[in-house]
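Data first, discussion second: the structure below is written as structure tokens.
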Amino acid sequence: MLLQLLTAVAALAGAACSLLAEGSGAGAVSGILPFTAGGFIYLGTVSVLPEILRDSGPAQALLQLLALLAGVAMMLLIAHYE
């Protein structure tokens, strides 16, 4: 649980760094934002996918996986049209 807290704090620190770097130029933003987004996606898949596969049947796991992928697709659409 402590490691989960540590990774969550690190993810928040990365998000804060990306928000602070937003006004400093396109070079900083283009390097920090993909790293931060990848960290969030990694944390989501590492903590969610094992739970999905362990605690539910195949149909429920497929629905939850599709919902997770829909969330990632929504993030991509928001980033593209922002």
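The values are calculated or read from the model by the stated rules, or taken from the named source; none is laboratory data. Quick caveat: nothing in here was measured; it's all calculated off a predicted structure. No Cβ is skipped: glycine too gets one built from the backbone with ideal geometry, and neighbour counts run over all protein chains shown. Protein only, heavy atoms only, side chains kept; ligands, DNA and RNA dropped before computing areas. Shrake-Rupley method; radii C 1.70, N 1.55, O 1.52, S 1.80 Å.
The protection proxy used here, the mean number of other Cβ atoms lying within 10 Å of each residue, ranks peptides 2-14, 60-72 as follows, highest first: 60-72, 2-14.
Just so you know, the Cα atoms of the chain work out to an Rg and Dmax of 15.3, 48 Å. The portion of the accessible surface of the chain made up by carbon and sulfur, rounded to a whole percent, is 78 (1.4 Å probe; DNA, RNA and ligands excluded).
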